[in-house]
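Have a look at the structure below before the remarks.
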Amino acid sequence: MPARRKMPQPTKLIQEWPLSTAATVGSSVRARGILLEVRAGLPLSSKKLVDVASGALELRVPDDSDDDFHDTIAIISRILNGIEDLPVIPREVEDILTITSVERHRWLKDGRLQSAGTRTVKLRGRARKITFHVFDPRLIEDVLDRGMPDVWREEDAIAAAENRRRAAGKAALTRAGKGQQKAGSTSVLEKDGLPPRLKGWDEFDLDGLLR
């Protein structure tokens, strides 16, 4: 018999913190990242009490709770102070700019997308750590406002077409060089007397027998 689904416990809203566009840069992924940043600073018992909904962080507690959660509210407020300057992580960049991870790596490598440094985190449940680039939110906002991803994609398409043209030209020159080398080898063989001249041919020619 399947286990009965556990019904969610009724909760009450204690406080909410609206997230400005400057903080989220219009991205739900960024809003989720801010939530994770807040949860990381909370005690284990309070982490699940805060969530994001309708563009705001909400602190909800069980209906039967008598605690005023003053300490939790203070921690959340402190973390959110200046949250607009929280570095943007890769998955947030991709969502904000609507780009792929391939484009992010390419533009980061050639300097069009400027890194604001790196961050190292430990994966949950694993001993391994990963290091990745983070970005200045104001820079990402500027890139978005100026529509630079579309400009960079057009530049990449032009560069790719030029590379294909150069590769085709190089291949054609290589084929032409091989053809000339083969023709040169044939002329050398003829100059060296191949096929070989018949023995006594010169005397035969002097006797005028071919005239």
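The residue that is farthest from Ser20 (Cα to Cα), among those in segment 37-58 that are without any contact (Cβ under 8 Å) to a residue 40 or more places away in the chain and aliphatic (A, V, I, L, M), is Leu44.
Would you point out which residue out of Val61, Val121 is modelled with pLDDT under 95, in the same structural domain as Asp142 (by TED's automatic domain parsing) and either of a type in the set (A, V, I, L, M) or in a loop (DSSP other than H, G, I, E, B) (or both)? Write out each step before concluding.
Values: Val61 fails: in the same structural domain as Asp142 (by TED's automatic domain parsing).
Exactly one residue qualifies, and that residue is Val121.
Among the residues of segment 132-178, just one is exposed (fewer than 14 other Cβ atoms within 10 Å of the Cβ) and of a type in the set (Phe, Trp, Tyr), namely Phe132.
Number of residues in segment 96-126 that are charged (D, E, K, R) and either within 20 Å of Ala22 (Cβ to Cβ) or more than 11 Å from the chain's Cα centre (by Cα) (or both): the value is 6.
Pick out the one residue from Val52, Val25, Val93 that is under 29 Å from the mean Cα position of the chain (by Cα) and assigned by TED's automatic domain parsing to the domain that holds Asp150. Full working, then the answer.
On the way: Val52 fails: assigned by TED's automatic domain parsing to the domain that holds Asp150; Val25 fails: assigned by TED's automatic domain parsing to the domain that holds Asp150.
After ruling out the rest, the residue left standing is Val93.
For residues that are assigned to a loop (DSSP other than H, G, I, E, B) and free of Cβ contacts under 8 Å to residues at least 24 places away in the same chain, scanning just segment 69-97, find the one that is farthest from Asp145 (Cα to Cα). Outline the logic, then answer.
Just the residues of segment 69-97 that are assigned to a loop (DSSP other than H, G, I, E, B), to begin with: 69, 81-82, 86-87, 89.
Filter once more, keeping what is free of Cβ contacts under 8 Å to residues at least 24 places away in the same chain: 81-82.
Values: Asn81: 25, Gly82: 22 Å.
Applying the filter and picking the extreme gives Asn81.
Of all residue pairs spaced 6 or more apart or on separate chains, those with beta-carbon atoms under 6 Å, a first member in segment 115-144 that is within 17 Å of Ile83 (Cα to Cα) and a second member that is of a type in the set (D, E, K, R) and surrounded by 14 or more Cβ atoms within 10 Å (Cβ to Cβ) are Ala116/Asp136. For segment 40-59, check the following and say yes or no: at least one residue is surrounded by 13 or more Cβ atoms within 10 Å (Cβ to Cβ), among the β-branched types (Val, Ile, Thr) and closer than 30 Å to Ala160 by Cα. Taking every residue of segment 40-59 in turn, none turns out to be surrounded by 13 or more Cβ atoms within 10 Å (Cβ to Cβ), among the β-branched types (Val, Ile, Thr) and closer than 30 Å to Ala160 by Cα.
Report whether or not Arg128 is of a type outside the set (S, T, N, Q), modelled with pLDDT under 90 and either surrounded by 11 or more Cβ atoms within 10 Å (Cβ to Cβ) or touching a Lys or Arg at 6+ places or on another chain (Cβ under 8 Å) (or both).
When the stated conditions are applied, Arg128 passes them.
The values are calculated or read from the model by the stated rules, or taken from the named source; none is laboratory data. The model shown is predicted, which means the values in this text are computed figures rather than measured ones. A quick note on method: Cβ atoms are made from the backbone with ideal geometry, for glycine too, and the neighbour counts reach across all protein chains shown.
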